[in-house]
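Quick notes on the structure that follows.
The values are calculated or read from the model by the stated rules, or taken from the named source; none is laboratory data. All values derive from a computational prediction rather than experimental measurement. Don't worry about glycine lacking a Cβ; one is built from the backbone with ideal geometry, like all the others, and counts go over all protein chains shown. Only protein heavy atoms, including side chains, enter the accessible area calculation; ligands, DNA and RNA are left aside. Shrake-Rupley method; radii C 1.70, N 1.55, O 1.52, S 1.80 Å.
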Amino acid sequence: MVTCLIGLGSNQGDRVGNLLAAIAALGEDPAISLQAVSSFVESAPVGGPAGQPNFFNGAAILATSLPAQALLTRLLDIELRLGRVRGERFGPRTIDLDLLLYGEQVIESPTLQVPHPRLRVRRFVLAPAAEIAGEMLVPALTDAEQRVSIETLCARLPDPAPSELGLRVIMSAAAMQRHVREIQLSGRRVGVVPTMGALHSGHLSLVQEARRRSDYVVATIFVNPTQFAPHEDFTKYPRTLDADLSALSAAGCQAAFVPSAEEMYPRGATTTVDPPEVALPLEGVCRPGHFRGVATIVLKLFHLIPAEVACFGQKDFQQALVIRRMVADLNVPIEVVVCPTVREADGLALSSRNRYLSAAERERALALSRALRQAEQSIQAGETESNRIVSAMRETLAAAGITSIDYVALADPETLAECSHVEGKTVALIACRVGSTRLIDNCLLDPTIDAGSAKRGAVRA
Ligand code: AMP
């Protein structure tokens, strides 16, 4: 068996999807044993026609009994199967697979040169290769190059400095942990934004806040199976990885952690986090087991990405309380920041699930923010009886044809204990179904703030 290093690149179509498909194709080849895959790093194209999209590049180590030329043919086959059309040199491509190293062999033939002639002069090749194959690369370097670290060598190369590179996409838990450690050793503060993908401006506002509070932002995209009950929408939850990665890159996020379910829950993983008491009412009643799944995955993510700060949305009010409490109770050294809910101009809270709504359902869904606004207005007008406020909110929902209501509640914003009178700070929360889509929304109410100056928690249309 010969240990080989290959480089992968894509700047057409679903770029990360193409790289993952190529990795999968290599993994399926019985003559190839895949040993390690690097993260994928976005970088500007080098050479080729102007105006082409950025590439994602990565590297993989594999072991094979195939001769070098036969391995190269397999790589070309995979390129063809994944839709690569061989066009101009350095032009855009759906997938590009390069044989960088074939053991320590030096081959100079018209169709194959290893070590790859551009391995040492292009950061976008060397950086992902160095991540998984430091030792292997050394014989391919010149004597002078061998005397400096591969990181130093990367830094000397003409591509942009690492801080100017685009998004890094990491799939492996171990690589994620290693990467954050490196960032923190270089003196940078890390911010983390956990998400389930299908990103919208609400998620991106968390990235912005994390950028303000840290030097290096990692967003996580993972549709966590353990927080969905069997009858819930796990399988049909929207998955839009390609668009999500472009949005994160444009928002200035530096890394995305995109693990598989197997990576997060390897066979035999049975330990869970018993969530705090604040998880019991409201969502805890309607979605038994939900917060156990949330607390477990968030704690795991905090271990893999031991950031200085984590940003969550007020949109999931109870979730934010559960996480705050868990972090305090379990001494997790991370600052939890809760950011305001981002809404459409007409008041609808942005949610990944809004894309399930038909036009008519979307119109009906406006009743949630309308009911919250009414509650806000009525306490500003002096109403303190929770029963009356809740009844009026239910009527507003019913008037819009929303009859499947999980809860409408006024509660203490720290404990979520329901209150009979609105005297101090209170949170109004709604969970209901519009068609088959379950929506939640909430608003902080403060009877001590008069109508004119009310800002916090405001549900403006
Ligand atoms: P999700 O992808 O639904 O798990 O949400 C990931 C994070 O984004 C959570 O902290 C949510 O509270 C937050 N989030 C979701 N919708 C919004 C929104 N409209 N405004 C602000 N944050 C949001």
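What to note about this one:
- Cα centre as origin, Lys/Arg/Asp/Glu Cβ charges: the chain dipole, Debye: 560 debye
- With N counted as the residues of the chain, its alpha-carbon radius of gyration over 2.2 N^0.38 Å works out to 1.14.
- Under 5 Å, built H, 5+ apart or other chain: amide partners of ALA36: ILE61
- Per residue, in Å², the accessible surface of the range 2-156 once ligands and nucleic acids are set aside, probe 1.4 Å: 45 Å²
- Looking at the chain alone, DSSP beta bridges between its own residues are antiparallel in about 70 percent of cases.
- Within the accessible area of the chain (1.4 Å probe), percent carbon and sulfur: 52 percent
- Short to long, the 5 Å bins of the Cα pair-distance histogram for the range 282-351 hold 3, 15, 24, 23, 17, 11, 5, 2, 0 percent of all pairs.
- Each residue of the range 414-428 is assigned a 3J(HN,Hα), and the resulting list reads 9, 9, 6, 5, 5, 10, 7, 10, 8, 10, x, 4, 9, 10, 9 Hz, derived from the Karplus form 6.51 cos²θ - 1.76 cosθ + 1.60 (θ = phi - 60°), x at Gly and Pro.
- Charge dipole (the chain, unit charges on Cβ, about Cα centre) - positive-most of PRO115, ASN54, CYS419: ASN54
- The GluC sites (Glu not before Pro) of the range 40-120 that meet both conditions, a loop assignment by DSSP and at most 13 other Cβ atoms within 10 Å of the site Cβ, are GLU88, GLU104.
- The heavy atoms of ILE23 offer some 20 square angstrom of accessible surface to a 1.4 angstrom probe.
- The Cα atoms of the range 170-209 give a gyration tensor whose axes a ≥ b ≥ c have a/c of 1.5 or more with a/b no greater than b/c, which makes the shape oblate.
- Candidate aspartates and glutamates - alpha carbon under 17 Å from LYS300, same-chain residues fewer than 8 apart omitted: GLU262, GLU263, ASP274, GLU308, ASP329, GLU335
- Within straight-line cross-link reach of LYS315, aspartates and glutamates at Cα separation under 12 Å, skipping those fewer than 8 residues along the same chain: ASP441
- Sparsely packed loop sites in the range 282-340 (the chymotrypsin sites (Phe, Trp or Tyr not before Pro) outside DSSP H, G, I, E and B with at most 15 other Cβ atoms within 10 Å) do not occur.
- Cα gyration tensor category, rounded, prolate or oblate, for the range 171-339 with a/c compared to 1.5: rounded
- Overall, the ratio between the Cα radius of gyration of the range 356-445 and 2.2 N^0.38 Å, rounded to two decimals, is 1.05.
- For the range 300-387, the set of GluC sites (Glu not before Pro) satisfying both a DSSP loop assignment and a count of at most 13 other C-beta atoms within 10 Å is empty.
- Prolate/oblate/rounded label for the range 34-87 (Cα gyration tensor, a/c 1.5): oblate
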